[in-house]
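The values are calculated or read from the model by the stated rules, or taken from the named source; none is laboratory data. As the structure is a computational prediction, the values presented were derived from the model and not from experiment. When we count neighbours, we look across all protein chains shown, and the Cβ atoms used for this are built from the backbone with ideal geometry, even at glycine. Side chains included, ligands, DNA and RNA excluded: accessible areas come from the protein's heavy atoms. Shrake-Rupley method; radii C 1.70, N 1.55, O 1.52, S 1.80 Å.
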Amino acid sequence: AKKQGKQRFLLYEPAMQAETECRVRLKNGLRRALQKQELYLVYQPVYRIADGHIHLASFEALARWHSDTLGLVSPAEFIPVAEESGFIIPLGEWAIREACRFIATAIGDTGRAVTVFVNISMRQLLGNGFVDKVCGILNEQDIPASCLGMEITESVLAADFKACVGILEQLKALGIKISLDDFGTGYSSLTYLRHLPIDVLKLDKSFIDVLGEAEGGKGEVLAAGIIQIAQQMGYQVVAEGVERLEQLRSLIGRGCDYYQGFYLSKPLPVPEALELLPESVVK
Ligand code: C2E
Ligand code: CA
Ligand code: CA
Ligand code: CA
């Protein structure tokens, strides 16, 4: 990288150029992706366990981009590009509307409420008139605000803590559920936890990865401690990235509230997600 000194100049330059070209292609492709309907959402179920049974609790909506020229591009690649270029504003609005449409369909099919959490970027949250836009979408899709959840990350908060808290409070007052994503990967998490108007805390996958291997190891202690602190502060805890039965067992033993991960289900296309919903009560 750059800081390794001048002698690296020749090695570093072409690599940087390649990265730039790639980003430019992604950026240009993204601009057309919305119109060309190359973007879609998949829905990963979140479960809770009660009376020895597993129940669907909510979904997390995740963006997918199938480009006709680039193929399937991961959100880990295109979301940062969208954030940088400002395209995250229309993309983010599209994602909220799309998720609300899913909620409206689910309510129409089953006669029951379903909650869908949408990932929200900082630029989007702090963008002009975000709360009004969200209200507009809820009205237009004619769904209750309590069916919509928003996931924000710690990096969102680092940028402009006061402004973020203000907006989150407005969203929460509407009835929208707020979830703190990737918890434990940022800094000073525990300090600001008590000032946040959140409902849910998502324990990052890195905490889950180490579970079940060495029972009573430091990883177990850390996860158990965070679950306990969060619950005592009145937050519900979601474990994300649960890939193995031992992890699920360990989390159940620690009294975690909700579970999400490939062991339970991958993110699903709309028809498969709708199939998980309880039978219609209106028919
Ligand atoms: P995230 O919000 O932390 O979402 C969780 C990611 O982990 C998703 O990757 C999901 O598919 C994946 N995952 C779920 N269970 C497991 C598991 O058991 N094992 C493993 N290895 N992975 C699991 P995905 O869909 O590729 O999304 C990556 C990131 O892109 C998301 O991380 C989120 O930060 C961002 N993202 C996705 N869709 C949107 C969106 O609509 N808006 C915004 N702003 N960001 C989005
Ligand atoms: Ca998320
Ligand atoms: Ca996450
Ligand atoms: Ca993440």
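Things worth noting here:
- Calculated [θ] (222 nm, deg cm²/dmol) that DSSP helices of n ≥ 4 give over the chain, each run adding -39,500 (n - 2.57): -14500 deg cm²/dmol
- For segment 138-197, fraction of C-alpha pairs farther apart than 12 Å, in %: 69
- Relative contact order of segment 40-181, defined on C-alpha pairs under 8 angstrom at six or more residues apart (%): 20
- Each Cα pair under 8 Å and six or more residues apart adds its separation to the average, and for the chain the resulting relative contact order is 17 percent.
- Candidates A230, A173, A99: whichever shows maximal mean-square fluctuation once the chain is modelled as a Gaussian network with Cα springs under 10 Å: A173
- Cα centroid separation - segment 18-69 against segment 127-148, whole Å: 20
- For K133, neighbours were defined as the other residues whose beta-carbon sits under 13 Å from its Cβ, and their charges (Lys and Arg +1, Asp and Glu -1) total -2.
- Of the trypsin sites (Lys or Arg not before Pro) in segment 92-149, those whose Cβ has at most 15 other Cβ within 10 Å and which sit in DSSP loop: R112
- FRET efficiency, 1/(1 + (r/R0)^6) with R0 35 Å, evaluated for L222 and R23 via beta carbons: 0.45
- Sulfur and carbon atoms: percent of accessible area, segment 61-207 [1.4 Å]: 52
- Rounded to 5, the percent of DSSP beta bridges in segment 146-283 classed as antiparallel: 0
- Overall dimensions of the chain, expressed as equivalent-ellipsoid semi-axes from the Cα gyration tensor (√(5λ), whole Å, largest first), are 30, 26, 20.
- Lysine pairs within the chain, Cα separation less than 19 Å, 8 or more sequence positions apart or different chains: 10
- Largest-first ellipsoid semi-axes for segment 159-230, taking √(5λ) over the Cα gyration tensor eigenvalues, angstrom: 28, 12, 10
- Of all the options S58, S121, S85, the one that moves most in a Gaussian network model of the chain with Cα springs shorter than 10 angstrom is S85.
- 1.4 Å probe accessible area per residue over the chain, in Å²: 53
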